[in-house]
There are 2 protein chains.
Amino acid sequence: MSIAESATPALLLDVSKVAHNLARLRARLAPFGVTLRPHMKTAKSADVFVHLVGAGTPITVSTLKEAEVYAAAGAKDVTYAVGITPDKLDRVGALRMAGCAVSVILDSVAAAEAVAAWSRERGDRLPAFIEIDVDGERAGLQPERAAEIVAVGRALEDGGAELRGVLTHSGGSYAVPGEAAIAAMAETERAAVVAAAGTLRAAGLPCPVVSVGSTPTALFARDLTGVTEVRAGVFMFQDLVMAGLGVCAVEDIALSVLASVIGHQRDKGWTLIDAGWMAMSRDRGTAALPVDQGYGLVCDAAGTPFPDHIVIKASQEHGVIAPRPGSGAAPLDLPVGARVRVLPNHACATAAQFGEYLLVDAETPGEVTGTASRFNGW
Amino acid sequence: MSIAESATPALLLDVSKVAHNLARLRARLAPFGVTLRPHMKTAKSADVFVHLVGAGTPITVSTLKEAEVYAAAGAKDVTYAVGITPDKLDRVGALRMAGCAVSVILDSVAAAEAVAAWSRERGDRLPAFIEIDVDGERAGLQPERAAEIVAVGRALEDGGAELRGVLTHSGGSYAVPGEAAIAAMAETERAAVVAAAGTLRAAGLPCPVVSVGSTPTALFARDLTGVTEVRAGVFMFQDLVMAGLGVCAVEDIALSVLASVIGHQRDKGWTLIDAGWMAMSRDRGTAALPVDQGYGLVCDAAGTPFPDHIVIKASQEHGVIAPRPGSGAAPLDLPVGARVRVLPNHACATAAQFGEYLLVDAETPGEVTGTASRFNGW
């Protein structure tokens, strides 16, 4: 099938760019001797896992549905990296009974006691990470709360669960453009989580795994001493937020939305397309960055960006393309029915609007070479 | 099943509130003698269509997939209200062959000629509306562009298609809080589209249908002289944007996300839940209104709002509940695993994050009374 024949809007995934992005991070991390545990929350696709990442790869997930789908596709080693609640433990246990080693994360004695109680009841010593908060953005114990970190560790170990280690996510790294600033954030992340590991070990508790992760810090960390594994997700597809932070080039973005021109408001320089926020998502992550890309950067049907044309506004099924304010660029001149691609602000959010990927390859830009399944939900 | 037993996050739909909202708009429109053609883009559910709206109801849709699903569920009269492109006409034609009277919309001579050519080729006189732009927000011909409106009408009628009428959507009404301002917007919408109808009739062209629509203008229009049908969608579920505009009460909001507490940052007054933007969507429609509701207003498990607790930030699978800034409210005191409901900014966007509704009823707030199917995609 050709791109010109595909119904729109559709979600395109360039497999050559995914391969490039995976190879880049693997090469970047190789000298550090750490495990890469990619986060599969962006792809949400058994096909991408099996064919592009590799079904033997240890992975991170953000939902139990991801764990279940990837386990069915062959995953054997999965970290569910959102704070566990007691009612979710039976789904974790079912996966473990089926041969997939799922571990969980938590940040309180209460949660640790619930995991330990479940472990005793089921006779399954569930591995759990203590979540560490390195930047005040979200969940986790701050590393200076040493007594609480030790208390959580003891509740796990003494209660019958397994203290697997410490884990953090530097969400704050999504707000600091530039390699130097991101490298500094990576060092903050490393030092904090390594300190927490030291706290556990000094109390006589085990801490075999020290896990960090975010796409910016994974790509720009200069030292990973004391770290044993790195998690990252959006690096696989990349997006305009990552490009805006200097983490990747626009050309590295593997995900785009194929859309058709549905009309014009010529006096305003507008070209209307059939990709609104239902296709692009409402994510406007670049609004906080030096270059605001609106609801997405517009490319021709082959994927070459028009550098100064963005989706300036979106309603549910309408996107409005216009020259970037101040650019002086001429409006697009494309007839009703013409195709464009739109690069997303945030790959995780845009991909979630679709149930399937159309696979493309930068080497054969007019062709759809296949499809890949995709799922949503919990 | 009880709400306490439901896996989270989950999408709850209160059927008693949907019934109330439908009855309210029907009662509001009854004196005007117009057809209500509800927009089914919010629900995207054959079950909601058949059991709550009524399968005989003429409807509006925003995608051809909606048209196909609702036709399979019994819809016989469907307006596809996004500008048509030539490659989509065969899907429209297949539905018409199967007995569902689908009509389309367009706003250019080029699109009208494509529809007319298709009509001649297929021997199917496809009904089309000319889209009118009443507020500069999106697609359509401005009513003062009389010559173009007539040219589009002639291209349809002379070319072998059917000129069904004129249609507009006052998207600008989502930005003007208060009944008086919305009523003024409704009058602008009415006058503009009725003028366009007059232009067609003065040129000897037919214009049997004059279609307006948006939830705010549908509920607050004071005069619908010359209008024959009203479209509205979000009124069925309502949301925090509509409540913020004064269009409904918070108690009318039928849609909410059920979530579980996953942790705390007690020094900041934060309660973390397992509903992040993947569950709530990235829609922040209330950010532009007098009361910013963050990523959603928090209710207890039975659906009673905590008036001053909102989701202040969201990552993919984490939401952070905190007291509304400046409210002085005390933080929530709920343990890990406790349930809350979160009311959405924008029902269309939040519902789109889920594949199923859990049905609830304000009369029996602890119970899930059933499920309803839901679809996404195009």
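Some notes on this structure:
- Those strands (runs of 3 or more DSSP E) lying entirely in the stretch A:301-378 with at least 3 residues touching a strand residue (DSSP E or B) at 6+ places or on another chain (Cβ under 8 Å) and over 24 Å from residue A:233 (Cβ atoms): A:305-314, A:319-323
- Taking the stretch A:322-347 as the range and being out of contact with any Ser or Thr (no Cβ under 7 Å at 6 or more places or on another chain) and away from every other protein chain (no Cβ under 14 Å) as the test, the residues that pass are A:323, A:324, A:325, A:326, A:327, A:328, A:329, A:330.
- When B:271, B:350, B:369 are screened for being in contact (Cβ under 8 Å) with a residue 60 or more places away in the chain, away from chain A (no Cβ under 13 Å) and of a type in the set (S, T, N, Q), only B:369 passes.
- Scanning the stretch A:79-88 turns up at least one residue that is among the polar types (S, T, N, Q) and either surrounded by 21 or more Cβ atoms within 10 Å (Cβ to Cβ) or touching a Pro at 6+ places or on another chain (Cβ under 8 Å) (or both).
- Candidates are the residues of the stretch A:82-104 that are outside any helix (DSSP H, G or I) and within 10 Å of chain B (Cβ to nearest Cβ); the one that is farthest from the chain's Cα centre (by Cα) is A:85.
- Going through (1) modelled with pLDDT under 95; (2) crowded, with 20+ Cβ neighbours inside 10 Å one by one, residue A:345 falls short only on (1).
- Of the residues making up the stretch A:55-73, not a single one is in the same structural domain as residue A:215 (by TED's automatic domain parsing) and on the phi > 0 side of the Ramachandran plot.
- Residues in the stretch B:172-221 that are assigned to a helix (DSSP H, G or I), over 26 Å from residue B:238 (Cβ atoms) and in contact (Cβ under 8 Å) with a residue 60 or more places away in the chain: B:192, B:196, B:200.
- Those residues of the stretch A:243-279 which are in contact with a His (Cβ under 9 Å, 6 or more places away or on another chain) and of a type in the set (A, V, I, L, M), in sequence order: A:254, A:262, A:272, A:273, A:275
- The one condition in (1) of a type in the set (Gly, Ala, Ser); (2) more than 19 Å from the chain's Cα centre (by Cα); (3) buried (at least 24 other Cβ atoms within 10 Å of the Cβ) that residue A:218 fails to fulfil: (2)
- Residue count for the stretch B:28-81 satisfying the condition of being at pLDDT 95 or above and more than 14 Å from chain A (Cβ to nearest Cβ): 33.
- When B:37, B:24 are screened for being among the charged types (D, E, K, R) and surrounded by fewer than 19 Cβ atoms within 10 Å (Cβ to Cβ), only B:24 passes.
- Filtering B:254, B:202, B:243 for residues that are more than 14 Å from every other protein chain (Cβ to nearest Cβ), surrounded by fewer than 19 Cβ atoms within 10 Å (Cβ to Cβ) and modelled with pLDDT of 95 or more leaves a single hit, B:202.
- Residue pairs meeting the criteria (Cβ under 6 Å; at least 6 apart or on separate chains; first in contact (Cβ under 8 Å) with a residue 12 or more places away in the chain, in the stretch B:232-245; second assigned to a loop (DSSP other than H, G, I, E, B) and of a type in the set (Asp, Glu)): none
- Within the stretch B:229-274, the set of residues being farther than 30 Å from residue B:38 by Cβ and part of a strand (DSSP E or B) comprises B:260, B:261, B:262, B:263, B:264, B:265, B:270, B:271, B:272, B:273.
- Pairs are defined by a Cβ separation below 7 Å, a sequence spacing of at least 6 or placement on different chains, a first member in the stretch B:290-317 that is in the same structural domain as residue B:353 (by TED's automatic domain parsing), and a second member that is aromatic (Phe, Trp, Tyr) and in a loop (DSSP other than H, G, I, E, B); the pairs so defined are B:311/B:295; B:314/B:295.
- Test for residue B:284: is it under 26 Å from the mean Cα position of the chain (by Cα) and of a type in the set (Lys, Arg): yes
The values are calculated or read from the model by the stated rules, or taken from the named source; none is laboratory data. Quick caveat: nothing in here was measured; it's all calculated off a predicted structure. Positions of Cβ are generated from backbone atoms using ideal geometry, with glycine treated the same way; all protein chains shown enter the neighbour counts.
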